[in-house]
Amino acid sequence: KLAVEFPSEDIFLVTASPVIKAVTNFKQVSKTLEEFDVEEQPSSLLTKQYPNIKVIQSAVKQLKSDDHKIITEDGREYIYEKLCLCAGAKPKLIFEGNPYVLGIRDTDSAKAFQKNLAQAERIVVVGNGGIALELVYEIQGCEVIWAIKDKAIGNTFFDAGAAEFLIPKLTAEEREAAIECKRTKYTTEGSEERPVAASDSLGSALGPDWHEGLQLKGTKEFSHKVHLEVLCEVRKIYLQREFMHLQRTSATFPKEEKIAEPDEALWPVYVELTNGKIYGCNFIVSATGVVPNVEPFLPGNDFAVGEDGGLKVDKHMRTSLPDVYAAGDICTASWEPSPVWHQMRLWTQARQMGWYAAKCMAAEASGEPVDLDFSFELFAHVTKFFNYKVVVLGKYNAQGLGSDHELMLRCTKGQEYVKVVMQSGRMVGAVLIGETDLEETFENLILNQMDLSAYGEDLLNPDIDIEDYFD
């Protein structure tokens with residue numbers, strides 16, 4: 001976007017990664033819903049398309065905002081007129097520096113995971129967001145103990161009802177064939193030979209279908225075995241030797257509802273959960289969310305930082321420092337948001353913020369006013385879980401509404417799950433799982449805040465074609 005706005009200026013893209021992430025197959029599904037793939041491409045493709053972009057492959061060591069200067073790891077200095085920080089976030093690991101704890105965030109860590117999984121008989125997955133959900137669903141031939149701190153799976157995206165709807169897919173022994181993914185994937189040359197990626201190596205976040213093309217299979221013959229431990233967190237991790245000194249017993253993989261028996265096998269690492277249970281495993285996947293990657297930029301600069309650790313930005317994506325903007329996972333939106341929008345560290349928002357930040361940088365340079373982009377009017381995200389299409393709109397989990405709301409549900413087992421969040425007769429959020437074809441209608445109803453109290457329960461009546469009605 002910057003290269004288009006400033007065709008005669010030099011645009012420097014400073015990145016620690018040898019590849020860039022590009023948005024491809026972009027499709028505007030509705031006014032606010034977008035679908036796209038995220039593809040890794042060699043940076044030469046970008047510079048070919050936009051001759052005024054120069055890619056500098058190096059991590060940033062220091063930002064000297066008073067001098068309008070950044071210093072890269074290789075000791076070079078670059079002066080900027082305007083700077084936009086898009087350094088993303090990094091995995092929030094449950095325990096730093098433990099070789100048996102893997103964080104999954106980028107392509108390298110996903111490859112490391114695949115390599116370790118190929119020798120694994122049992123793993124423990126900790127976390128309840130998008131990556132944990134996909135992972136648990138995709139893994140085959142390996143026992144999975146899934147520890148979540150909530151009552152129900154997928155808490156970031158769903159309520160307990162939606163979780164119940166999805167659970168049968170998780171426990172099904174046989175896996176339906178995934179829909180073929182038709183697009184090229186680039187990887188970094190020679191990356192196969194690199195050692196298992198440490199969690200602190202910085203790569204950009206995985207795309208929405210990151211598990212495609214990865215062979216996520218353990219050593220066992222069965223397809224799928226997942227045991228869920230709810231309302232618990234990891235209390236402690238023991239290496240094999242420490243655990244043997246303790247002289248405590250660990251549990252086998254639970255079968256049905258029977259009490260797990262003591263485990264005779266010896267495991268490389270043991271996990272003690274806050275509910276008192278101990279499980280041995282080959283390794284642990286920490287999929288417990290991300291923290292904004294602000295480290296290299298804070299020292300010596302007086303940034304205003306949000307409660308979640310991100311750089312605070314105003315409604316023109318400006319940080320508290322002159323000529324420094326921020327977008328994506330690294331920033332914290334600090335303007336008064338629309339009642340049905342909230343920030344969530346997702347690919348869709350990263351793309352929108354990046355595009356809008358460039359627009360704001362251009363507007364400031366030319367002294368033109370700029371309005372807050374329409375994509376910040378309504379929270380809208382489309383994704384896929386367990387092979388179902390999933391659309392979340394507005395305050396889909398009644399975020400911040402307290403008890404002042406009511407829910408309406410419609411569910412057809414194995415087919416669709418529709419939930420709307422109503423407040424004072426108006427729709428403020430929705431979750432749609434399956435091919436419901438209701439996203440555009442609901443998006444409009446949330447945006448125009450029409451009073452729907454007259455329709456009552458009929459709003460979700462399957463015999464009434466609501467799309468036609470509100471067309």
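What the table below lists for this structure:
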read-out	value
Test for residue 420: is it under 16 Å from residue 457 (Cβ atoms) and crowded, with 20+ Cβ neighbours inside 10 Å	yes
Close pairs from region 277-306: first free of Cβ contacts under 8 Å to residues at least 24 places away in the same chain, partner assigned to a strand (DSSP E or B), Cβ under 7 Å, at least 6 apart	303/311
Some residue of region 215-223 being outside any strand (DSSP E or B), surrounded by fewer than 19 Cβ atoms within 10 Å (Cβ to Cβ) and at positive phi	no
Single match in 437, 404, 373, 458 (criterion: at pLDDT 90 or above, open to solvent by 40 Å² or more (accessible area, probe 1.4 Å) and more than 20 Å from the chain's Cα centre (by Cα))	437
Only listed residue being open to solvent by 20 Å² or more (accessible area, probe 1.4 Å) and not assigned by the TED database to the domain that holds residue 144, chosen from 263, 323	323
Test result for residue 396, in a loop (DSSP other than H, G, I, E, B), open to solvent by less than 10 Å² (accessible area, probe 1.4 Å) and under 27 Å from residue 156 (Cα atoms)	yes
Hey, residue 82 at pLDDT 95 or above and surrounded by 15 or more Cβ atoms within 10 Å (Cβ to Cβ) or not	yes
Yes/no for residue 430 being modelled with pLDDT of 90 or more, surrounded by fewer than 17 Cβ atoms within 10 Å (Cβ to Cβ) and closer than 29 Å to residue 333 by Cα	no
Scan of region 425-458 for residues that are polar (S, T, N, Q) and in contact (Cβ under 8 Å) with a residue 12 or more places away in the chain, ordered by number	436, 441, 444, 449, 453
Selection from region 132-176 of residues that are open to solvent by less than 10 Å² (accessible area, probe 1.4 Å) and of a type in the set (Gly, Ala, Ser)	132, 141, 147, 154, 162, 163
Elements of type strands (runs of 3 or more DSSP E) in region 47-111, at least 3 residues being touching a residue at least 12 places away in the same chain (Cβ under 8 Å)	53-57, 60-64, 83-85, 89-91, 101-103
Selection status of residue 76, among the basic types (Lys, Arg) and under 26 Å from residue 254 (Cβ atoms)	no
Strands (runs of 3 or more DSSP E) (entirely within region 311-363) containing at least 3 residues that are without any contact (Cβ under 8 Å) to a residue 60 or more places away in the chain, of a type in the set (D, E, K, R) and more than 22 Å from residue 9 (Cβ to Cβ)	none
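The values are calculated or read from the model by the stated rules, or taken from the named source; none is laboratory data. Bear in mind the structure is a predicted one, so any value in this text is a computation, not a measurement. Cβ sites come from the backbone with ideal geometry, for glycine too, and all protein chains shown count toward neighbours. The area values use the complete protein model at the heavy-atom level, side chains included, leaving out ligands, DNA and RNA. Shrake-Rupley method; radii C 1.70, N 1.55, O 1.52, S 1.80 Å.
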